[in-house]
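S.K.: Structure in structure tokens, see below.
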Amino acid sequence: MSYNFKEIESKWQHYWQIKNVFSSNEDDSKTKFYVLDMFPYPSGSGLHVGHPLGYIASDIYSRFKRLKGYNVLHPMGYDSFGLPAEQYAIQTGQHPEITTKNNILRYRKQLNKMGFSFDWKRELKTSDKNYYKWTQWIFKQFFNSWYCIKDNKAKPIKLLIQIFEKEGNLNIKAHSNKVLKFSKDNWVAMSKNEKENILLCYRLAYMDETLVNWCPELGTVLANDEVKDGFSERGGHPVIQKKMEQWFLRISAYSQRLLDDIKELDWTHSIKEQQINWIGKSNGALVKFKVRKENDKNENYIIEVFTTRPDTIFGVTYLTLAPDHKLISKITAKNYHERVSNYVVKTNKKSERERLSDVKEVTGEFTGTYAIHPITKKEIPIWISEYVISSYGTGAVMAVPAHDLRDFKFAKKFNLPLIKVISSKDNDNEIYSGKEGKLINSDFLNNLGVTEANNKVINFLEKNNIGLMKIQYRLRDAIFSRQRYWGEPFPIYFKLGIPKILDDDKLPLELPSIEKYLPTKEGDPPLARSKNWEYKNNMPFEKNTMPGWAGSSWYFLRFMDPKNSKEFVSKDKLNYWGNVDLYVGGSEHATGHLLYSRFFTKFLFDTGHININEPFKKLLNQGMILGKSNFVYRIKDSNTFVSYGLINKYEVIRIHVDINLVKNSVLNIKRFKEWRQEFKESEFILENGKYFCGVETEKMSKSKYNVVNPDEIIDNYGADTLRIHEMFLGPIEQYKPWNTNGINGVHNFLKKIWKLFHDDYGGLKFNSIKPSSEILKVLNKTIQKVEEDIESFSFNTSISSLMVLVNLLTNSKCYSKKILEKLVLILSPFAPHICEELWSKLGYNQSIVYQKYPSVNTKILEEKSYLYPVSFNGKMRFKLEFSLDQDKIEIEKILLKHDKVKHYIQNKKIMKIIFVPKKIINIVF
RNA sequence: GCCUAGGUGGCGGAACUGGUAGACGCGCUGGAUUCAAAAUCCAGUUUCCUCGGAAGUGCGGGUUCGAUUCCCGCCCUAGGUACCA
């Protein structure tokens, strides 16, 4: 009887489902273990072979942990709000809900065919109103909170109001937008609206104006990478920088805590590093520069700069402001107005990304105005330049061309002076940005080192009220509004222009049905199309929706208690399951999802709703499986295609071609012509009668026609083979191109196991013959190695050690029941279907899922002797066996007499003999 | 530019804290079986040669009895980030 994987796999998938084998409940008698995959967006094209890589790893781990006696929580759900479904709705008019539902059904089917051990009773989707009710509820908590710097945590807004009533904001230390100081009396005298506006500056969810990439033609805001050279990537319509009122979450308040707690996480070094850079902490000082009064102006203007090198303050020779700095129009001298405003207009057209990425060209403009150096009182010119960004620091820098490369380039270009204030070893260089050396030309700082000078000058600045120490973060508050339909509506309505939050009993605020999914003619988001999108018939609801990461920033909590209608998660369940022990997903979410989830967790911790401070203890990043794309080359402005080897002779355009039309790089021309209408009449220039395609490795995607679907492989080889093949491809974290080259080998491995159990006629052949000591030794080694390797996520090596065992059993015709039982147990996390089947054939009627992982018999593994590699001058020549209790002197004696040793030494003198027990013998001559 | 990860046979990849380089699998070669093919099984497979060896883990140095592993300099690939003051 041969290995009929189709029958076996559907049999056990059905069994797991009807017996609810993977459903998990809180059980105090067992230790919990929470294994989570980053939940997918259910796209229209279904799963491709790259998706399951992480799911297979987490499934193996989950099944292994169950065998080790843990109570495993292993759920799956869908991040189902998002753009593709909305795009599809715009094109076809089909409601995104329907698209999403169909896609999810397909995903679920595909996931089940892989034999994953998900607890489907906990399945959730972010677009479900019973889920987004709680996303809205969490937003409400943000809205009703402020961040107290003194206690370093979020607190209820009610508390802030009490403080204002007592003492205004005179003593408050809080993360906020710019607010004027007011006293208790000021506060009491304010109107309701004025108060609300002030509170809005302190809330953790707040509204503010910001510049966005607005595309009038598309009626929508575009992300930075959707804009190319001032035009939209899709459609090529002009894009302008427009000020818009948007919701923000005050993640910047958490910068330091997000930074501090990274140390405790068991994440890869590179992901941690990415988050640290993203948060971007720098220590420095704020320094105030007075602007010199012009004859026609009487006002006192002060420019505040942020610097990380206050020690170089005597080297400042000019100031540079961002082109959108708010003082520019006020301070620019008359004769310079035209040039400056031209420059400002020019830079406004570019997106910030473009401004910063186009670094080759140094541009700038003099304002005609001078500032006064706060210490030397000398006059220094004020310039503007696009290399300064208004959203970082104060939007102004003090330029020290002698010790900063950017300032140096700028000064060179515009012939600005340079003052050297640090003497360095490389004294010849005009520019030195290092920190070694002594201060010169710096008055009271002379002869000090950089660090001392820094401390001293900050002291001086603070004493004289011209500056103060300051820690700056790069991390900016996160924009939380999207001008889209398919997302969570904000639980917000506006009363006289002031945002108000809905009461809990009004949640969820459901997404209304609309006719069309496009923005309105006036440029309002799609929700503006809904009639009666207002509260109590006269107060309009917020028309924006929340971004994709709103729902995904807390879903790991909901899985613990997915059906709860009273709370987003109950305290009991949270106490039991705690944080995610193992989180598996792609490293592309390093600074997005993973940072936002940490932020949400810390906030919910502050507000007392949860008792964990970090969401994901251990993070495993699976590498992407890349596709192999094929290309054809069309001669420009023609319908003729050139074979790959000849493309240098023509001017050609590269076009993706469906990989199903290509075999071994050779194009099937007939099928290609049928593929698309436009290619029907095409002609070909061939090589040796064949059309060769170009090949490149890139991300799998529908638009690249390089997607390989797992269904076909499961049909041909079965899910167990696919699971092992993907794991055997290499280390889980590595990026690798998809190939099926080795799949036969893996499939053979399973067939070999099947044959250990069955004879050619379908009879079972396991027996009770005592296995050899060698087999026992290898078996125990394998049990140990598989366990160690699963724990270190090195699945490829655990599989190869299983192969070694199976090869040995096959070659030595060992069919011992005791041995085979253990083999099936340790293999079952990898190939669960075949193992369930064999387990039942061994005579057990309980599922293998909750059996016990076999323990290692360490006695068997103990060695009495060791086969030493004997090397000469470090080069291994032959092997000799010695007992482990022979000492060095004894062994040396034997060696010196040995014929082979004499042969390699010949007549030379032995300098020494190195003997490392259980490792090596090295004879040096 | 900076940060991070990596570079080992024809290919995917092994090698624990410095100790037998190339486990395991693919592919390839030869053989068995077969009318034949598929499947299966057995043997071989880093390179070079004079069959005794010699070289060999991106390149060039160094430390060491011994380096894929540690140190210094460089090259290449992938990911991230970018006038961040």
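The values are calculated or read from the model by the stated rules, or taken from the named source; none is laboratory data. Note that this is a predicted model, so its numbers are computed, not measured. As a convention, Cβ positions derive from the backbone with ideal geometry for all residues, glycine included, and neighbour counts pool all protein chains shown. Accessible surface areas use protein heavy atoms only, side chains included; no ligands, DNA or RNA. Shrake-Rupley method; radii C 1.70, N 1.55, O 1.52, S 1.80 Å.
S.K.: Which residues does a label at A:N709 reach in the range A:105-137, if reach means a backbone N under 14 Å from a point 7 Å past the Cα toward the Cβ?
M.R.: A:106-107, A:109-111
S.K.: Of the options A:T451, A:A402, A:Q162, report the single residue whose Cα projects farthest towards the positive end of the charge dipole of chain A (beta-carbon charges: Lys, Arg +1; Asp, Glu -1).
M.R.: Highest projection toward the positive end goes to A:T451.
S.K.: Full extension from A:Q94 to A:K435: what is 0.36 nm times the residue separation minus their Cα-Cα distance, to one decimal in nm?
M.R.: Full extension of this stretch gives 116.6 nm more.
S.K.: Could you give the size of the charge dipole of the range A:863-924 about its Cα centre, using +1 on the Cβ of each K and R and -1 on the Cβ of each D and E, expressed in debye and rounded to the nearest 20?
M.R.: So the magnitude is around 360 debye.
S.K.: Ranked highest first by average number of other Cβ atoms within 10 Å, how do A:589-596, A:624-631 line up?
M.R.: My ranking of the peptides, most packed first, is A:624-631, A:589-596.
S.K.: Using each residue's phi in the range A:97-105, evaluate 6.51 cos²θ - 1.76 cosθ + 1.60 at θ = phi - 60° and report the 3J(HN,Hα) Karplus result to the nearest Hz, with x for Gly and Pro.
M.R.: Rounded to whole hertz, the list is 4, 5, 3, 4, 4, 5, 4, 5, 4.
S.K.: Calculate the spin-label point distance for A:W278 paired with A:L159, positioning each point 7 Å from the Cα along the beta-carbon direction, and give it in nanometres.
M.R.: 2.8 nm
S.K.: In the structure displayed, which of A:K334/A:K438; A:K702/A:K751; A:K153/A:K618; A:K293/A:K438; A:K628/A:K822 lie more than 30 Å apart, Cα to Cα? Write down the numbers at each step before the final one.
M.R.: On the way: A:K334/A:K438 42 Å; A:K702/A:K751 34 Å; A:K153/A:K618 25 Å; A:K293/A:K438 35 Å; A:K628/A:K822 39 Å.
Exceeds cut-off: A:K334/A:K438; A:K702/A:K751; A:K293/A:K438; A:K628/A:K822.
S.K.: What ranking, highest mean first, results for peptides A:767-774, A:865-872, A:615-622 when packing means the other Cβ atoms within 10 Å averaged over each residue?
M.R.: Sorting A:767-774, A:865-872, A:615-622 by mean packing, highest first, produces A:615-622, A:865-872, A:767-774.
S.K.: How much accessible area per residue does chain A have, in Å², with a 1.4 Å probe?
M.R.: Details: 45200 Å² over 925 residues.
For chain A, the per-residue accessible area is 49 Å².
S.K.: Could you order peptides A:170-183, A:313-326, A:251-264, A:689-702 by the average number of other Cβ atoms within 10 Å of their residues, highest first?
M.R.: Final packing ranking: A:313-326, A:251-264, A:689-702, A:170-183.
S.K.: For chain A, what is the charge dipole size about the Cα centre, in debye to the nearest 20, if Lys and Arg each add +1 at the Cβ and Asp and Glu each add -1 at the Cβ?
M.R.: Working: 138 positive and 107 negative charges, 299 e Å.
Rounded to the nearest 20 debye, it is 1440 debye.
S.K.: Extending each Cα 7 Å along its Cβ direction at A:E651 and A:N538, get the distance between those two points in nm, one decimal.
M.R.: Label-label distance for A:E651 and A:N538, simple model: 6.8 nm.
S.K.: Still on this structure: Whole angstrom only: what separates the Cα centroid of the range A:847-881 from the Cα centroid of the range A:701-717?
M.R.: If you average the Cα positions of each part, the centres end up 41 Å apart.
S.K.: Would you kindly state how much longer the chain becomes between A:Q677 and A:Q17 on full extension, computed as 0.36 nm times their sequence separation minus their alpha carbon distance, in nm to one decimal?
M.R.: Stretched out fully, the A:Q677 to A:Q17 stretch lengthens by 233.1 nm.
S.K.: For the range A:608-637 and the range A:767-842, compute the distance between their C-alpha centroids and round to whole Å.
M.R.: 33 Å
S.K.: Scan the range A:159-224 for GluC sites (Glu not before Pro) in coil per DSSP, keeping those whose Cβ has at most 14 other Cβ atoms within 10 Å, and list them by number.
M.R.: Details: sites: A:E165, A:E167, A:E194, A:E196, A:E209, A:E217; in loops: A:E217.
Hits after loop and neighbour filter: A:E217.
S.K.: Cα centroid distance between the range A:8-71 and the range A:545-573, in Å?
M.R.: Each part reduced to its Cα centre gives a spacing of 20 Å.
S.K.: Let me ask something additional. Send over the per residue convex hull volume for chain A, Cα only, as a whole number of Å³. Numbers along the way, then the final one.
M.R.: Working: hull volume 262.3 nm³, N = 925.
Per-residue hull volume (Cα only) is 284 Å³.
S.K.: What FRET efficiency would be calculated for the residue pair A:K463, A:V188, taking the C-beta separation as r and a Förster radius of 35 Å, to the nearest 0.05? Write down the numbers at each step before the final one.
M.R.: Numbers: r = 36 Å, r/R0 = 1.03.
Calculated value: 0.45.
S.K.: Here is a further query. Treating only the Cβ atoms of Lys and Arg (+1) and Asp and Glu (-1) as charged, compute the dipole magnitude of the range A:601-724 about its Cα centre; round to the nearest 20 debye.
M.R.: 160 debye
S.K.: To continue, here is another question. Pairs of alpha-carbon atoms within less than 8 angstrom and 6+ residues apart define the contacts here; what relative contact order does chain A have, in percent? It would help to have the intermediate numbers written out before the result.
M.R.: On the way: 1603 pairs, mean separation 121.0, N = 925.
This gives 13 percent for chain A.
S.K.: Per the Cauchy relation, a quarter of the hull surface: what is the mean projected area of the convex hull of the alpha carbons in the range A:681-720, in nm²?
M.R.: 5.5 nm²
S.K.: With label points built 7 Å along Cα→Cβ from the Cα atoms of A:E196 and A:L880, find their separation and express it in nm.
M.R.: Output for this residue pair reads 9.3 nm.
S.K.: Let me ask you something else. Could you list the GluC sites (Glu not before Pro) in the range A:1-77 that lie in coil according to DSSP, counting only those with at most 16 other Cβ atoms within 10 Å of their Cβ?
M.R.: Filter output for the range A:1-77: A:E26.
S.K.: Additional query: Can you send over the carbon and sulfur percentage of the accessible area for chain A, probe radius 1.4 Å, protein chains only? Intermediate results must be reported in sequence, preceding the final value.
M.R.: Details: 22020 of 45200 Å².
That fraction is 49 percent.
S.K.: If you don't mind, another one. For A:Y78, what residues show an amide H to amide H distance below 5 Å, using hydrogens built from the backbone and excluding near sequence neighbours?
M.R.: So A:Y78 has HN proximity to A:L124, A:K125, A:T126.
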